[in-house]
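Below is one structure, written out as structure tokens; comments come after it.
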Amino acid sequence: MLQHTVYPPSTFEQNLKRNMNEFINYVSQPWPWYVAGGLIAMVMFSLMVLGNSFGISSNLRTVCSIIGGGKHCEFFDFNWKSQTWNLIFAIGMIIGGFIASKYLTLDSTVNISEATVIELKSMGIENPGKDIVPAELFHWENLFTIKGFILLVLGGFFVGFGTRYAGGCTSGHAISGLSDLQLPSLIAVIGFFIGGLFMTYLILPHLIMF
């Protein structure tokens, strides 16, 4: 009968394992603003040099064109192959987000201020900050309630319609457009902030307690 001899891990293997663990622990921590911001700036500079403009919502038009939307709507009748890079970028974001969420996130708790926690609890949110979004608002069961319909269905429609009507979303205007010093993007970003403040302070509190 053959016997297999088990050798202890070599020094190289031990160092490699230790270095990998240190790397995973390092990238799992929140990145400083100057690191994330610097990486975004590098991406935007590369796109500007290549003559491309970045925007996630524009991929919806690309997908509709791929599945034949151009046969029924002139808006989708364009050379979608020229936007393949943007679609690949969006797919990479989804894959990267999944990997970061499943394997690089040590704690899913959201770090929010104590004042916000107290205010959300007064509105009926049991565990503010436990997850990225509160289950009392964003859950499949809420989809069939008036509150859920307004937040998820009607809100989703406004987001989708607004991004196309404005010619871009937050990434297209706030990141790419402002990098190109485009005045329409500046106006759009100002509108984003005004709309966000209006929703946060005047509509959402009443909608949560509805």
SER53 vs. criteria among the hydroxyl-bearing types (Ser, Thr, Tyr) and assigned to a helix (DSSP H, G or I): no
Check on GLY156, modelled with pLDDT of 85 or more, among the small types (Gly, Ala, Ser) and surrounded by fewer than 11 Cβ atoms within 10 Å (Cβ to Cβ): yes
Residue in segment 143-157 that is closer than 27 Å to PHE54 by Cβ, over 20 Å from the mean Cα position of the chain (by Cα) and not β-branched (Val, Ile, Thr) present: no
Odd one out for LEU178, checked against (1) of a type in the set (A, V, I, L, M); (2) at pLDDT below 85; (3) within 21 Å of the chain's Cα centre (by Cα): (2)
Pairs with Cβ under 6 Å, 6+ apart, first in segment 64-89 and assigned by TED's automatic domain parsing to the domain that holds GLY51, second surrounded by fewer than 15 Cβ atoms within 10 Å (Cβ to Cβ) and assigned to a loop (DSSP other than H, G, I, E, B): GLY70/ASP77
Every residue from segment 74-104 that is exposed (fewer than 12 other Cβ atoms within 10 Å of the Cβ) and assigned to a loop (DSSP other than H, G, I, E, B): ASN79
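The values are calculated or read from the model by the stated rules, or taken from the named source; none is laboratory data. What you see is a predicted model; the values in this text were computed from it and never measured. Cβ atoms come from the backbone with ideal geometry, glycine included; neighbour counts cover every protein chain shown.
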